[in-house]
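Enquirer: Pasting a structure here, questions to come.
FYI, it's all coordinate maths here, none of it is from the lab. For clarity, every value in this text was computed on a predicted model and none was experimentally measured. Using ideal geometry, Cβ is built from the backbone for each residue, glycine included, and neighbour counts are taken over all protein chains shown.
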């Protein structure tokens, strides 16, 4: 039982370190971390979009980060290496963060998902899926889920291991909304299908409007609210007065 317990404890520490780095390096565009333990050192490879934010002036930031990991997680001799993300436009976590930021700003969720999926497929992805679930209908509305997908995205078996995915939670005023992004990067070869050819983008996704920070926010009646809310009812006909008997 000693060996099994040791493997479980190492997996827990890796998960805790990954969550710690994800929070600390959020502004640096954190996308992925790979932790490898060796008899001499523990190598931590962090992939970000802006490596300069992680290194800091004269390496001070990365040195403080290494000391924090060694102190809080009792990890012996950790060594952090920073790698720049090759294609940030196809990083699920960055896409999910962008979608959640627009949702928190009050944009229309359906338009956000369509525009995000269009950007994913236009950069050569073989498949993409975005799901937003939670208080989408606004304050007082029921929780529901919106899903947009295109291309080939396996969900079970060995091919599902080749799919890149990320989950981020948005916190608008109405309530929490979970954003789940799954995509297949270009050049992926699946064991059951081989190399997938480039997928044609559906017209609904290709013609999606851009969502920017300057666009108007959505109103409470958008995306799932009662369509009859605020509508004026037709005037009621006045009934004739009753006739009195003589």
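Enquirer: Give, in nm to one decimal, the length gained when the segment between residue 43 and residue 139 is fully stretched (0.36 nm per residue of separation minus the Cα-Cα distance).
Expert: 29.9 nm
Enquirer: Output the peptides 165-173, 111-119 sorted from most to least packed, where packing is the average of other Cβ atoms within 10 Å over each peptide's residues.
Expert: In decreasing order of mean packing, 165-173, 111-119 become 111-119, 165-173.
Enquirer: Roughly how many Å is it from the Cα centre of region 128-196 to that of region 57-93, as a whole number?
Expert: What the calculation gives is 27 Å, centre to centre.
Enquirer: Moving on to the next point. Under 19 Å from the 7 Å Cα→Cβ point of residue 104, by amide nitrogen: which residues of region 168-195?
Expert: 168-181
Enquirer: Sticking to Cα atoms, compute the Rg of region 88-206 to one decimal and its Dmax as the biggest Cα-Cα distance, whole number, in Å.
Expert: That works out to 14.6, 48 Å for Rg and Dmax.
Enquirer: How large is the direction-averaged shadow of the alpha-carbon convex hull of region 1-148, in nm²?
Expert: 12.5 nm²
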